[in-house]
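Everything below concerns the one structure shown next.
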Amino acid sequence: MKRFFKWLFITIVIIVILVIAGFTIWSQQTYGPSEQLLERVDINSVLDGKDIVIRASGDAKAGIILYPGAKVENTAYSYYGQSLAEAGYDVFIPSVLLNFSLLDTEISDKIISDNKDITRWYVGGHSLGGVSAAMFAKQHEELVDGLILLASYPSEGSDLSMSPMAVLSIYGELDGLTELRDIEQSKNLLPVNTRFIEITGGNHAQFGLYGEQKGDGIATLSAIEQQNIIIEETLQWLQQ
């Protein structure tokens, strides 16, 4: 009997090691910045270690923290971040653990602690990154003034329906990964004054600039056109 339990334990350990190794390998197969992005952003000028940090030219109106989508490199959102910074916001797009933001939701707490001169904070994210941002916002409502969801929605555990927090939700008509029904079914988890914006002809991958993504719909507008709509809608919402 002891021998049986010994081999059972060894088998379980081997399985756990294989699962962890498999997940680690999978997480490193990332979506990087597209040529379109590299033509518009000098990546080396916005990198701070592995993180993207883009400062406003003067005193920042607020700080914005953006969680990347699963397996998407943070650099893929630097065109969006650069545009927000040009409008007067300090933008932080962290590199998250194993390219999976759900493992690193508390990273915003450190960014906020390290930038005490900024008094207003917005957190947001794309796809799974938005789920992470909503989790952080729910757990730290005293730190967060607003939430930005890009092709994303909160999980059941992040019910913000009674929160005074400002929320912006932008989603694509032709998104094959975050579908319209997902947005509709999660509206009850967000405040009644949430601003919902549907991008006609937009898909999932074009919320960043990293190329096509398996399972996504085919957009009827270019990636840059979709990005510019996202930027415009975000800035209008922030300015209100």
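Tally the residues that are over 14 Å from PRO33 (Cα atoms), touching a residue at least 40 places away in the same chain (Cβ under 8 Å) and in a helix (DSSP H, G or I), restricting the search to the stretch 217-227. Residues that pass the stated criteria total 1.
Between GLU142, GLU173, GLU179, the distinction of being touching a helix residue (DSSP H, G or I) at 6+ places or on another chain (Cβ under 8 Å) and open to solvent by 30 Å² or more (accessible area, probe 1.4 Å) belongs to GLU173 only.
Inspect the stretch 210-221 for any residue being of a type outside the set (A, V, I, L, M) and within 20 Å of GLY124 (Cα to Cα) and give the result as yes or no. Among the residues of the stretch 210-221, at least one is of a type outside the set (A, V, I, L, M) and within 20 Å of GLY124 (Cα to Cα), which makes the answer yes.
Restricted to the stretch 120-133, and to residues there that are more than 12 Å from ILE65 (Cα to Cα) and in contact (Cβ under 8 Å) with a residue 40 or more places away in the chain, the residue that is surrounded by the most Cβ atoms within 10 Å (Cβ to Cβ) is SER127. Put simply, of LEU98, LEU84, LEU103 the only residue that is touching a residue at least 60 places away in the same chain (Cβ under 8 Å), over 18 Å from GLN227 (Cα atoms) and either open to solvent by 10 Å² or more (accessible area, probe 1.4 Å) or of a type outside the set (Gly, Ala, Ser) (or both) is LEU98.
Considering each residue of the stretch 190-216, count those that are open to solvent by 20 Å² or more (accessible area, probe 1.4 Å), in a loop (DSSP other than H, G, I, E, B) and in contact (Cβ under 8 Å) with a residue 12 or more places away in the chain, and give that number. Of the residues in that region, 7 qualify. The residue list ASP51, ASP90 contains one member that is among the acidic types (Asp, Glu), touching a residue at least 12 places away in the same chain (Cβ under 8 Å) and under 20 Å from ASN228 (Cα atoms), which is ASP90.
The values are calculated or read from the model by the stated rules, or taken from the named source; none is laboratory data. Since the structure is predicted, the reported quantities are computational estimates derived from the model, not experimental observations. Virtual Cβ from ideal backbone geometry, glycine too; neighbours counted across all protein chains shown. To get the accessible areas, we keep the full protein, side chains included, count just its heavy atoms, and leave off ligands, DNA and RNA. Shrake-Rupley method; radii C 1.70, N 1.55, O 1.52, S 1.80 Å.
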